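Asks: Can you read through this structure? Questions will come right after.
None of the figures in this text is laboratory data; all of them are computed from the coordinates on show. Since the model is a prediction, treat every value here as computed from it, not as a measurement. Note that we place each Cβ from the backbone using ideal geometry, even for glycine, and neighbour counts take in every protein chain shown.
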Amino acid sequence: MQTPPSDDPIWRFIEDETRRQENHLELIASENHTSSEVMAAMGTALTDKYAEGYPGRRYYGGCEHVDEVERLCRDRAKAVFGSEAANVQPHSGTQANIGALMALLEAGDRVLAMSLDHGGHLSHGHPKNFSGLFYEFHAYGVERESELLDMDKIRAQALELRPRLLMAGASAYSRTIDFEAFASIAQECGAQLMVDMAHIAGLVAAGVHPSPVPHADVVTMTTHKTLRGPRGGLIVCTKDQIKAINSRTFPGNQGGPFMHMIAAKAIALREASEPAFRTYGAAVKKNAGLLANTLSEGGLRIVSGGTDNHLMLVDVSAVGLTGAEAEDVLGQVSITCNKNLIPYDTQPPMKASGIRIGTAAVTSRGLGEPEMVRMGKAICDVLRAPTDASVAQRVRSQVKELTEAFPIRATVPS
Ligand code: DSN
């Protein structure tokens, strides 16, 4: 970072966090490192502008330039995801989901979505979340043996429940989701289909994961995970749905849009449409596969036996650790990940039996195949000898070598 503009301690905290990111290997599957251009757009005069409404129909004056920003962002979202319509205003993934649920349902309507305990998301019906408070959510999960979604079982459950909405999408599922099968189930039971592709949006944009867009009524996402944009949400949908989506986003559940973030989303979407992003998406997926193999060969159990996307769940109970302990020992060697429930976990969420690992961020800083093998072996070493100070010391040096060889914004387009 350049010289801080004042001696406000906040700048010190920001510098500390910047340094932490630089010196750690970031394996939290929902995080990424944005380009300098995305980063720059967030710190612009657009943050000062109020623009309630939509381009051409705002409640305040002076919106002519931010109108252009939002129009271009919308057009880019439609082009990247091949959708008929887009709303780029949601402040977050959860707010995108709130807007979509409000557009598709009446309060109290029945929904069938993936269980949080098996990899779903809080905004897919957790009893303390808006979704669970205002709608009647039911959950499907993965099979105990295979740890995979069984589409026949989901079909049977949906036909019995007859939900008004079927939801697909997850925050901790490492396998390809069959959106076509979800659409066919929705059609069979007379439900609408909503897909939350927050985690895989970048893989879909890169063409390395099947897209839900041709199959779903509404698709929500975040822009900051594999899509590598600023923090925020985004909704793509059919022409039939956009009027309701717009109205439930603003004034339904938000006030003024964050125009600086929409500018940054537009830049991220341009980057996602460039050939280099296809290469990036393919590398994220390849890196995840290699890392999963290395961990598996090193004696760790990967939930469902592997990964088809950017993430994997590692069952650390087999090495005598809880997920919380594994997160902690890896943190001590500058490898950041998060504890995570595994399917049918017997531990509470704050302990958990697993960790979730993703390759989006380390791939952005340029780590490739040899580094995945090296990192995977280091993770195995630490998790299998969590109290061995000499192992920790050796791995810390290895991480230092990697982080120094691959600085964060050296390889991301800027
Ligand atoms: N917190 C995000 C994740 O880690 O998957 C989901 O909102």
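Asks: For the pairs Lys78/Lys225; Lys153/Lys285; Lys285/Lys377; Lys49/Lys265, note any where the Cα-Cα span goes beyond 21 Å.
Replies: In this structure, Lys153/Lys285 exceed 21 Å between Cα atoms.
Asks: Nearest 0.05, what FRET efficiency do Glu84 and Lys286 give at R0 = 25 Å with Cβ-Cβ as r?
Replies: 0.20
Asks: Run the Debye formula on the Cα coordinates of region 223-342, all scatterers equal and no solvent, and tell me log10 I(q)/I(0) at q = 0.11, 0.12, 0.19, 0.20 1/Å.
Replies: Evaluating at q = 0.11, 0.12, 0.19, 0.20 Å⁻¹ gives log10 I(q)/I(0) of -0.60, -0.69, -1.06, -1.10.
Asks: Also, I was wondering about something else. Cα to Cα, under 13 Å, and not fewer than 8 places away if on the same chain: which aspartates and glutamates meet these conditions relative to Lys239?
Replies: Partners found: Glu84, Asp217.
Asks: With the alpha-carbon atoms as the only input, what is the per residue convex hull volume for region 211-276 in Å³?
Replies: Enclosed volume per residue, from the Cα hull, is 100 Å³.
Asks: If you rank Lys351, Lys239 by fewest surrounding Cβ atoms within 10 Å, what's the result?
Replies: Ranking Lys351, Lys239 by Cβ neighbours within 10 Å, fewest first, gives Lys239, Lys351.
Asks: Per residue, what volume in Å³ does the convex hull of the Cα atoms of the chain enclose?
Replies: Convex hull volume per residue, Cα atoms: 140 Å³.
Asks: Along the positive direction of the dipole of the chain (beta-carbon charges: Lys, Arg +1; Asp, Glu -1; about the Cα centre), which of Asn23, Ala172, His138 reaches farthest?
Replies: Checked the options; the winner is Asn23.
Asks: Further, regarding this structure: Can you give me the long-range amide H partners of Ala168? Hydrogens built in the peptide plane at 1.01 Å from N, cutoff under 5 Å, separation of 5 or more residues or another chain.
Replies: Close amide H contacts, sequence-distant or interchain: Met194, Val195, Asp196.
Asks: Kindly provide the pair-distance distribution of region 151-219 built from C-alpha pairs, with 5 Å bins from 0 and whole-percent values in order of increasing distance.
Replies: Taking every Cα pair in region 151-219, the percentages come to 4, 19, 29, 24, 16, 7, 2, 0.
Asks: So if we plug the beta-carbon distance of Glu145 and Arg57 into 1/(1 + (r/R0)^6) with R0 = 51 Å, what FRET efficiency do we get, rounded to 0.05?
Replies: Computed FRET efficiency for Glu145 and Arg57 comes out at 0.40.
Asks: Just for the chain, what percent of DSSP beta bridges are antiparallel, to the closest 5?
Replies: Around 55 percent of the beta bridges assigned by DSSP in the chain are antiparallel ones.
Asks: With a cap of 12 neighbouring Cβ atoms within 10 Å, and only residues DSSP puts in a loop, list the trypsin sites (Lys or Arg not before Pro) found in region 107-144.
Replies: Lys128, Arg144
Asks: Shifting gears a bit: Rank Thr47, Thr403, Ala282 by how far each Cα sits towards the positive end of the charge dipole of the chain (+1 on Lys, Arg Cβ; -1 on Asp, Glu Cβ) and give me just the farthest.
Replies: Thr47
Asks: Compute the distance in nm between two label points, each set 7 Å from the Cα along the Cα-to-Cβ direction, one at Ala389 and one at Arg278.
Replies: About 5.3 nm, to one decimal.
Asks: In terms of the Cα gyration tensor, with a ≥ b ≥ c the square roots of its eigenvalues, is region 1-143 rounded because a/c is under 1.5, prolate because a/b exceeds b/c, or oblate?
Replies: Judged from the Cα gyration tensor, region 1-143 comes out oblate (a/c at least 1.5, b/c at or above a/b).
Asks: Rounded to the nearest 5, what % of DSSP beta bridges with both residues in region 125-277 are antiparallel?
Replies: Of those bridges, close to 45 percent are antiparallel.
Asks: In the chain, which helices (entire DSSP H runs) extend 27 Å or more along their own long axis, judged by Cα positions, while averaging at least -1.0 on the Kyte-Doolittle scale?
Replies: 275-297
Asks: Moving on. Between the DSSP loop rule and a limit of at most 13 other Cβ atoms within 10 Å, which chymotrypsin sites (Phe, Trp or Tyr not before Pro) in region 26-111 are left?
Replies: When the chymotrypsin sites (Phe, Trp or Tyr not before Pro) of region 26-111 are filtered for loop state and at most 13 Cβ neighbours within 10 Å, Tyr59, Tyr60 remain.
Asks: Using a 10 angstrom cutoff on alpha carbons, build the Gaussian network for the chain and name the most mobile of Cys380, Cys337, Cys237.
Replies: Maximum among the listed residues: Cys380.
Asks: Calculate one ³J(HN,Hα) per residue across region 355-368 by plugging θ = phi - 60° into the Karplus curve 6.51 cos²θ - 1.76 cosθ + 1.60, and present them in order as whole Hz with x for glycine and proline.
Replies: Per residue, the Karplus-derived 3J(HN,Hα) values read 10, 10, 10, x, 10, 4, 6, 5, 5, 4, 8, x, 5, x Hz.
Asks: Using helices alone, what [θ] at 222 nm do you get for the chain, with -39,500 (n - 2.57) per DSSP H run of 4 or more residues, divided over all residues and rounded to the nearest 500?
Replies: Counting only the DSSP helices, I get -13500 deg cm²/dmol.
Asks: Another question about this same structure. So, R0 is 30 Å and r is the distance between the beta-carbons of Ser36 and Ser6; what FRET efficiency does that work out to, to 0.05?
Replies: In this case the efficiency is close to 0.85.
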